[in-house]
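Worksheet for the structure shown next.
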Amino acid sequence: MSEQLTQVQQQEQQAATEQQRAEWVRKQYQQANQYLAGKGIIPDNVAVTESCYLPPLVAVWKLNTRDNKSYWVISGDLPTDHMPFSAAATARDAMRSFSLNWQLKAEHIVNSESIDKTQQDFANLLVARAQGLYELFEDDSLWQAPTKR
């Protein structure tokens, strides 16, 4: 009897975990859409097979717009950002591009003439997240797993 309860508990826990994952993905998708809309870019749909999400860290979305343009949008436990689809061929390449772009942005902030504590903190955040993204980019095991999408 206790073995059956354990199996039921494991199934319930797995279902809860899958529900949390789905909720996280949905939230990141909404955040990516809102971010683009805030930039005056109206998303029409997502290219699901080309997008990638690694809950609870990062999601990289290929979002298509009504005017037939496409963008990579990154969201998660990092600043939300975007770039044209033409800047990277795959979600993995987009992750590397975001990493490199953030390192350059951080360097630009640090080298500016007047930098306050908020800007310094943001530059530090960009560097830390850029390093984390690059580590994810380099991890071949993440990009072979069927659970990445």
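Only the coordinates and a few stated rules stand behind these numbers; no lab work does. Every value quoted in this text rests on a predicted model; they were computed, and no experiment measured them. Please note: Cβ atoms are built from the backbone with ideal geometry, for glycine as well, and neighbour counts cover all protein chains shown.
Numbers below:
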{"item": "Amide H contacts of residue 81 (H built 1.01 Å from N, under 5 Å, at least 5 apart or other chain)", "result": "74"}
{"item": "For the chain, calculated [θ]222 nm from helices alone, where every DSSP H run of n ≥ 4 adds -39500 (n - 2.57)", "result": "-19500 deg cm²/dmol"}
{"item": "Residue of 41, 115, 74 that the Gaussian network model of the chain assigns the largest fluctuation, springs spanning Cα pairs under 10 Å", "result": "115"}
{"item": "Length added when fully stretched, residue 112-residue 124, from 0.36 nm per residue minus Cα-Cα", "result": "2.9 nm"}
{"item": "Highest-fluctuation residue, 98, 122, 137 considered, GNM on the chain with Cα pairs under 10 Å", "result": "122"}
{"item": "Neighbour-limited loop hits for trypsin sites (Lys or Arg not before Pro), the range 1-74 (at most 16 other Cβ within 10 Å; DSSP other than H, G, I, E, B)", "result": "39, 66, 69"}
{"item": "Separation of the residue 47 and residue 22 label points, Cα + 7 Å toward Cβ, nm", "result": "2.6"}
{"item": "Restraint check, 39/117; 39/62; 27/105, Cα-Cα greater than 19 Å", "result": "39/117; 27/105"}
{"item": "Extended-chain gain in nm, criterion 0.36 nm per residue less alpha-carbon gap, residue 10 and residue 93", "result": "26.2 nm"}
{"item": "For the range 55-65, 3J(HN,Hα) per residue [Karplus equation, 6.51 cos²θ - 1.76 cosθ + 1.60, θ = phi - 60°, Hz, x = Gly/Pro]", "result": "x, x, 8, 8, 10, 10, 10, 9, 10, 9, 9"}
{"item": "Percentage relative contact order, the range 2-148, counting C-alpha pairs under 8 Å, at least six apart", "result": "15"}
{"item": "GNM flexibility winner over the chain from 38, 132, 76 (Cα, springs under 10 Å)", "result": "38"}
